[in-house]
Amino acid sequence: MGPLTGYRIVEFAGIGPGPMGAMLLADLGATVLRLVRPDKVQMGSEKVPGFDLTCRNRQLLTVDLKSKQGVELALDLVDKADGVIEGFRPGVMERMGLGPDICLARNPRLVYARTTGWGQDGPLAEAAGHDLNYIALSGALHAIGREGGPPVPPLNLVGDFGGGALYLAFGLVCGLLEAKSSGRGQVVDIAMVDGALSLMTAFYGSHASGRFTTERGTNVVDGGAPFYDVYACADGHYISIAPIEDRFRTELYERIGLDPAVLIGRDGPAHRHEVKPKLAALFKTRTRDAWCELLEGTDACFAPVLSVAEAPDHAHLQARGAIIEVDGIKQPAPAPRFSRTPAALPRPPHRTPQSGEAVLPDWGIDSASVKALREAGVIS
């Protein structure tokens with residue numbers, strides 16, 4: 001089930017954007033075979049086996065890619081695939097004998113997706129790094145934080161998952177669409193620094209026009225505007241308000257007992273030091289639940305700030321089935337949603353690697369070859 005049913009992807013196991021991007025494809029129906037090196041098998045923890053939810057919906061096989069037979073097996077699988085996902089430093093796949101030139105020579109329709117932090121070329125291409133470093137170079141990290149304070153790491157959402165995994169899935173699917181019409185594959189270079197830059201496109205335009213300053217916490221959508229921020233409640237929980245448009249602010253102010261005629265036009269970032277303390281004092285007079293009762297579901301652009309422990313119990317997410325439970329673990333449902341080809345309920349991450357007999361026949365590898373590979377120690 002899902003719109004990508006029928007497509008086959010070979011994923012060379014890595015971390016960060018690779019698994020997440022592969023999950024997005026697998027959630028929407030693609031058959032994704034994750035190849036893990038024997039020394040890199042990480043199935044979870046003693047408390048929560050299979051906890052890495054980004055590895056859900058996959059076939060999983062350990063393959064010794066340091067052996068000639070392991071490389072030959074990987075190439076045989078690539079021959080039958082529509083796409084490849086790899087996330088090693090530039091040159092690693094070439095040194096293993098699995099680079100794009102070899103793979104595309106064998107399978108000219110292949111879309112070969114390469115995910116790195118800095119990209120396949122440039123002065124930093126060979127350097128190690130993580131999400132925070134890539135978004136630091138893009139301008140994204142500098143823009144996130146409170147006025148007068150340091151930049152704040154926004155989890156690893158912007159680099160690994162936004163600039164990496166989403167652009168990986170998008171780029172690979174674009175390549176598949178083009179290959180379907182041209183009959184020719186290609187290499188897709190996904191760099192997290194490129195993706196983070198792409199996500200910042202609107203802000204580069206706003207900065208060029210003079211509407212976005214480089215001072216954190218002084219713009220509308222970075223917490224500079226009193227009407228676009230989070231506020232503490234009487235019980236220590238938080239709420240968010242974001243009525244950017246005048247008509248929405250009018251509704252918010254009226255509902256919380258303030259005069260829109262007095263505030264609107266005098267509540268922008270330039271007046272933040274005057275208006276914010278007043279709103280902060282007001283929101284602290286009631287609990288989060290009380291504010292939800294008054295504001296949730298209105299055009300005041302309001303939502304409670306929920307933790308990952310609380311979000312699954314929210315009525316809206318429950319009504320949409322946005323949080324599902326698989327193998328005893330609550331987790332986000334596949335997204336986006338399709339009317340005619342909906343995604344199936346995800347399969348949980350494998351707690352142990354699968355046997356070659358369980359996986360390889362689906363990829364056209366006969367039982368005798370599977371037995372020989374297992375006896376040679378090439379596969380689990």
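The values are calculated or read from the model by the stated rules, or taken from the named source; none is laboratory data. For clarity, every value in this text was computed on a predicted model and none was experimentally measured. In this analysis, Cβ positions are derived from the backbone assuming ideal geometry, glycine residues included, and neighbour counts consider all displayed protein chains.
Structure values in brief
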read-out: Residue match in region 297-308 (condition: more than 22 Å from the chain's Cα centre (by Cα), in a loop (DSSP other than H, G, I, E, B), modelled with pLDDT of 95 or more and hydrophobic (A, V, I, L, M, F, W, C)); value: yes
read-out: Subset of region 135-162 (residues that are within 18 Å of Thr54 (Cβ to Cβ) and either touching a strand residue (DSSP E or B) at 6+ places or on another chain (Cβ under 8 Å) or among the small types (Gly, Ala, Ser) (or both)); value: Gly159, Gly162
read-out: Matching residues, region 299-322, being under 22 Å from Glu245 (Cβ atoms), surrounded by 13 or more Cβ atoms within 10 Å (Cβ to Cβ) and not aliphatic (A, V, I, L, M); value: Asp299, Cys301, Phe302, Pro304
read-out: Failed item, numbered, when Val220 is tested on (1) farther than 30 Å from Arg109 by Cα; (2) touching a strand residue (DSSP E or B) at 6+ places or on another chain (Cβ under 9 Å); value: (2)
read-out: Filter result (assigned to a helix (DSSP H, G or I), free of Cβ contacts under 8 Å to residues at least 24 places away in the same chain and surrounded by 12 or more Cβ atoms within 10 Å (Cβ to Cβ)) within region 253-268; value: Tyr253, Glu254, Pro260, Leu263
read-out: Any hit, region 83-92, residues being under 30 Å from Thr5 (Cβ atoms) and surrounded by fewer than 22 Cβ atoms within 10 Å (Cβ to Cβ); value: yes
read-out: Only listed residue being surrounded by fewer than 14 Cβ atoms within 10 Å (Cβ to Cβ), part of a loop (DSSP other than H, G, I, E, B), assigned by TED's automatic domain parsing to the domain that holds Leu25 and modelled with pLDDT of 95 or more, chosen from Thr341, Thr285; value: Thr341
read-out: Subset of region 183-233 (residues that are in contact (Cβ under 8 Å) with a residue 24 or more places away in the chain, closer than 22 Å to Ala165 by Cβ and among the aliphatic types (A, V, I, L, M)); value: Val187, Val188, Ile190, Ala191, Met192, Val193, Ala196, Leu197, Leu199, Met200
read-out: Inter-residue pairs, beta-carbon under 7 Å, first assigned by TED's automatic domain parsing to the domain that holds Val188 and in region 116-139, second polar (S, T, N, Q) and part of a helix (DSSP H, G or I), 6+ apart; value: Gly117/Asn133
read-out: Unique residue being outside the structural domain of Leu24 (by TED's automatic domain parsing) and either under 22 Å from Leu77 (Cα atoms) or assigned to a helix (DSSP H, G or I) (or both) when the list is Glu357, Glu293; value: Glu293
read-out: Candidate set from region 1-33 (those that are over 19 Å from Ala344 (Cβ atoms) and at pLDDT below 95); member that is surrounded by the fewest Cβ atoms within 10 Å (Cβ to Cβ); value: Ile15
read-out: Residue, farthest from Pro17 (Cα to Cα), within region 142-174, restricted to residues that are without any contact (Cβ under 8 Å) to a residue 40 or more places away in the chain and part of a loop (DSSP other than H, G, I, E, B); value: Pro150
read-out: Any hit, region 188-196, residues being closer than 18 Å to Arg109 by Cα and either in contact with a helix residue (DSSP H, G or I) (Cβ under 7 Å, 6 or more places away or on another chain) or in a helix (DSSP H, G or I) (or both); value: yes
read-out: So Thr250, is it assigned to a helix (DSSP H, G or I) and β-branched (Val, Ile, Thr); value: yes
read-out: Residue among Ala315, Ala281 that alone is over 27 Å from Glu147 (Cα atoms) and among the aliphatic types (A, V, I, L, M); value: Ala315
